[in-house]
Amino acid sequence: MARKWWQDAVIYQIYPRSFQDSNGDGIGDLEGICSRLGYLKDLGVDAIWLSPFYKSPMKDFGYDVSDYCSVDPIFGTLADFDRLLEDTHKRGIKLIIDLVPNHTSDQHPWFVESRAGRDSPKRDWYIWRDPAPDGGPPNNWMSFFGGPAWTFDAQTGQYYLHQFLPEQPDLNWRNPEVRAAMYDVMRFWLRRGVDGFRVDVMWLLVEDALFRDEPENPHWQPGMWDRGRHLHIYTEDQPETHEIVREMRQVLDEFDGDRMMVGEIYLPYEQLIPYYGTPERPGCHLPFNFHLITRGLSNWTAENLRRIVEEYQASLPAWATPNWVLGNHDQHRLASRIGHAQARVAAMMLFTLPGSPTWYYGDEIGMVDGDIPPEKVQDPAALRQRGLAGDQGLDPGRDPERTPMQWTPFTYAGFSTVEPWLPVNPDYPERNVETQDADPESMLTLVRTLLVVRRETPGLREAPYESYKAPKGVFAYLRGRVVLAALNFTAEPKTLAVPPGEILLSTYLDRYGAVESTLELRPNEGVILRLQ
Ligand code: GLC
Ligand code: CA
């Protein structure tokens, strides 16, 4: 079977608010993205994933959609979107958009209608329950953003479910009308020509039909986030979810041109892998594998990373496409988690593992977490936690990883002409695209070169993974016995026995040429070798 584009595509995530402002309001927009497509082409990415740009009250910065088939004026117009799509395709790049099917905004006409009365024809489009006998919430389910997952609606005397903010009511995916409506949303964008969807919180689409209380989590302690109190056996990864994912797949398959979906799923491998479906009844093309983030960044050692990679390789069926992620708009910045030297090694690993890697905007220049002063915090998750904690809880939430892209050493880093919605990181005069572009040893040059090597080296995109023995502190692997990646996760030099070969790239960007039988790795160095 011919390989599909998404089986080895480098996906670049853009958070539209923070990429490029074109109209001087301090917020990024579609026109801004259009103006930076040349940069993305030079960088060498295969696909772009856009976080939501739909009409929204912006309580969760676009993950609270009030109209799935329109563009929020902050970001532009539908015509701007069509132009962006066309320009992206002209450059040979695919465009994936965010689909937020689990919940709408409370301002969405569907919810407005649903909450209007108990006999509303859309009442059952959302999840409404009577209060508990004491008048409290129907059960003990907690929201991801703190507090109960239920909000009381005084007018109709019932509670509605929201896994996130009260302004993000959960849709009832057991209702066939809801399914049909969301599949039509997919068709709307597929007809316009998008190449696929990143499906928001795919593993949360359905909850227990009996609304049972979730059991206590024995590891939870006061001070940890609310949702950690329970084990989520009734609000996550319910069996019916797989049926929905298969239906979404069928919608994609109604269209030609290899449309695809990648699903946001934070689960252990044994629960994650079933989201691929089966060859006869396929599900999600790429269920996001977040393990490098969730188990890797907190324990950044060669041994741990090898375990994460090899457990995955061992549990994936042969027909399923692997995928890897090191950052997104919900996770602290790569360079802040592991430092700049190791971020280079991380990039080499990500782009030499088999399958499809996803890259977060700005990581290619080593952007770090922004330092957000308490009075400038925007993230609703952080603000809500703060309110619930009743103090100035200083956790800035997810703002630090959402700061404006740093393009130039000039005003507001070239992102905007006015003060941006989040402060630009103070390191922008040195850390920006323009400066790194001219530096033959910068992180940007490394990422760009890695993507050239990935494209041009037979084996790197398609050959199977094979474990390779390495000393402690080094993670090494072969791709189809023609390429060897040797990655030093320590700050000490390491020596590795290798077959004769040629260095294609070092993370230091300063050496090439033949290697006989031993490879000397410098501190924090990764090397790609082509074997003879
Ligand atoms: C996903 C998004 C996150 C958002 C949440 C609710 O986890 O990545 O940013 O807040 O869904 O839609
Ligand atoms: Ca703007």
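Which residues, counting only those in region 101-116, are crowded, with 19+ Cβ neighbours inside 10 Å and not in a strand (DSSP E or B)? Spell out how you get there, then give the answer.
First pass over region 101-116, keeping only residues crowded, with 19+ Cβ neighbours inside 10 Å: 101-106, 108, 110-111, 114-115.
Selection gives P101, N102, T104, S105, D106, H108, W110, F111, S114, R115.
Pick from G62, G26: which is at positive phi and free of Cβ contacts under 8 Å to residues at least 60 places away in the same chain?
G62
Of the numbered conditions (1) more than 30 Å from D395 (Cβ to Cβ); (2) in contact (Cβ under 8 Å) with a residue 60 or more places away in the chain; (3) not assigned by TED's automatic domain parsing to the domain that holds S51, R179 satisfies every one except a single condition; which is it?
Checking R179 against (1) more than 30 Å from D395 (Cβ to Cβ); (2) in contact (Cβ under 8 Å) with a residue 60 or more places away in the chain; (3) not assigned by TED's automatic domain parsing to the domain that holds S51, the one that fails is (3).
So which residues in region 247-263 are open to solvent by less than 10 Å² (accessible area, probe 1.4 Å) and either assigned to a loop (DSSP other than H, G, I, E, B) or under 29 Å from A343 (Cβ atoms) (or both), if there are any at all?
M260, M261, V262, G263 - these are the residues of region 247-263 that are open to solvent by less than 10 Å² (accessible area, probe 1.4 Å) and either assigned to a loop (DSSP other than H, G, I, E, B) or under 29 Å from A343 (Cβ atoms) (or both).
Would you call L204 surrounded by fewer than 18 Cβ atoms within 10 Å (Cβ to Cβ) and of a type in the set (A, V, I, L, M)?
So L204 does not fit the description; no.
Would region 185-196 turn up any residue that is assigned to a loop (DSSP other than H, G, I, E, B), touching a residue at least 40 places away in the same chain (Cβ under 8 Å), more than 16 Å from ligand 2 (Cβ to nearest atom) and surrounded by fewer than 21 Cβ atoms within 10 Å (Cβ to Cβ)? Steps first, please.
Of region 185-196, the ones assigned to a loop (DSSP other than H, G, I, E, B) are 193-195.
Within this subset, residues satisfying the condition of being touching a residue at least 40 places away in the same chain (Cβ under 8 Å) are 193-195.
Filter once more, keeping what is more than 16 Å from ligand 2 (Cβ to nearest atom): 193-195.
Keeping just the survivors that are surrounded by fewer than 21 Cβ atoms within 10 Å (Cβ to Cβ) gives 193.
Scanning region 185-196 turns up at least one residue that is assigned to a loop (DSSP other than H, G, I, E, B), touching a residue at least 40 places away in the same chain (Cβ under 8 Å), more than 16 Å from ligand 2 (Cβ to nearest atom) and surrounded by fewer than 21 Cβ atoms within 10 Å (Cβ to Cβ).
Being outside any helix (DSSP H, G or I), among the acidic types (D, E) and open to solvent by 50 Å² or more (accessible area, probe 1.4 Å) narrows it down to one of D124, D60, D64, D119, so name that one. Steps first, please.
Numbers: D124 fails: outside any helix (DSSP H, G or I); D60 fails: open to solvent by 50 Å² or more (accessible area, probe 1.4 Å); D64 fails: open to solvent by 50 Å² or more (accessible area, probe 1.4 Å).
Testing whether each residue is outside any helix (DSSP H, G or I), among the acidic types (D, E) and open to solvent by 50 Å² or more (accessible area, probe 1.4 Å) leaves just D119.
So which residues in region 7-35 are more than 13 Å from ligand 2 (Cβ to nearest atom) and either outside any loop (DSSP other than H, G, I, E, B) or surrounded by fewer than 20 Cβ atoms within 10 Å (Cβ to Cβ) (or both), if there are any at all?
Within region 7-35, Q7, I11, Y12, Q13, I14 meet the criteria.
Among the numbered conditions (1) farther than 30 Å from L460 by Cα; (2) away from ligand 1 (no atom under 16 Å from the Cβ); (3) part of a helix (DSSP H, G or I), tell me where L85 comes up short.
(1) is the only condition that L85 fails.
Any residue in region 118-145 that is closer than 30 Å to D330 by Cβ sitting within a Cβ distance under 7 Å of a residue that is aliphatic (A, V, I, L, M) and not in a loop (DSSP other than H, G, I, E, B)? List the pairs, counting only those 6 or more apart or interchain.
W125/L171; W125/V178; Y126/L171; I127/L161; F145/A381
Within region 498-520, which residues are among the acidic types (D, E) and surrounded by fewer than 11 Cβ atoms within 10 Å (Cβ to Cβ)?
D510, E516 - these are the residues of region 498-520 that are among the acidic types (D, E) and surrounded by fewer than 11 Cβ atoms within 10 Å (Cβ to Cβ).
Taking into account only those residues within region 409-460 that are open to solvent by 60 Å² or more (accessible area, probe 1.4 Å) and farther than 29 Å from A485 by Cβ, which is farthest from ligand 2 (Cβ to nearest atom)?
That would be E430.
The values are calculated or read from the model by the stated rules, or taken from the named source; none is laboratory data. Only a predicted model underlies this, so the values are computations on that prediction, with no experimental measurement involved. We place every Cβ from the backbone using ideal geometry, glycine too, and count neighbours over all the protein chains shown. Note: accessible area is taken over every heavy atom of the protein model, side chains too, but ligands, DNA and RNA are not part of it. Shrake-Rupley method; radii C 1.70, N 1.55, O 1.52, S 1.80 Å.
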